[in-house]
Amino acid sequence: MAEYRELTNIKWTSEKAVSIDVPSRATFKPERLFFPRSVLREVNGSLYAPAWLIERKLTEFSGRLEIEHGLGATIEVPDEPRLGAVSASSIIDFFDAASENLAYPKVVLGDVKLARSGPRAKIPYAVNVTDLGRYPDNKWFGRVERDGNWLPTRNTPAEVYETVKEFAADPAGFAARIGKLHGACCFCRRELTDARSTETGYGPVCALKYSLPWGSSKEEK
């Protein structure tokens, strides 16, 4: 069982997120806090956020916001089945290498995006796994942590879980296959137009930025 807290002052909703307005001691005006729907639970028509997320926001905004004004009762909700952690250190190595040339490297694998967090993130230089939406409306599927473990959320779809596993097995090869399949580079998302880029699965500029080979050895001879 896990603890959840009711969101009682919901002012904005979308398919992927909701927000509550809470009083601010700093500005004396309400401030808006966002909660992704992927971590919320609906019970008897009301939405509840995980207690751990509430505690994190209380810590982040302590002394500035009266968050308690936007919350209701705490209840216990049965845990949902969770997909197990998988070793994916190759993904960390791949993004670390790309960070030599890029501040925020990212990879788009169909409907899944992997992006390296920055130095000021809660977990710096981890790789976050989301859908293609923009924050705060994007759906978060978990992260590959610095120790190389791919940790999905309880709501991560099996197909996303498998996509990350396949990418971890061969980051360069899987990225190339996705590029060939969709006819677009999975790094910059531009259409592949010339023959060599189409054959490789990504273009020469991204190959350089992500420290990848470009073109076949046959062509280079």
Greater than 21 Å apart at Cα, pairs in Lys57/Lys165; Lys11/Lys106; Lys106/Lys165: Lys57/Lys165; Lys11/Lys106
Nearest 10 degrees, 0 to 90: helix 171-182 Cα axis against the chain principal axis: 90
Helix 89-98 axis, angle to the chain major axis (alpha carbon atoms, nearest 10°): 70
Size of charge dipole - the chain - debye, nearest 20, with Cβ of Lys, Arg +1 and Asp, Glu -1, no other charges: 580
Entry for Rg/Rh (Cα atoms, Kirkwood Rh) (calculated from the structure that is shown) out of (1) 0.93; (2) 1.06; (3) 0.96: (2)
Net +/- balance of residues flanking Glu60 in space, Cβ distance below 15 Å, scoring K and R +1, D and E -1: +3
Sequence-distant residues sharing a close amide H with Tyr125 (under 5 Å, placed H): Ser117, Gly118
Nearest-ten-degree value, helix 51-60 long axis tilted from longest Cα axis of the chain: 90
Structure-based [θ]222 nm, the chain - -39500 (n - 2.57) summed over DSSP H runs of at least 4, per residue, nearest 500: -7500 deg cm²/dmol
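Just so you know, all these numbers are worked out from the coordinates, no wet-lab data involved. Computed from a prediction, not measured in an experiment: that's the story for all the values here. All Cβ positions, even for glycine, are placed from backbone atoms using ideal geometry, and neighbour counts span all protein chains on display.
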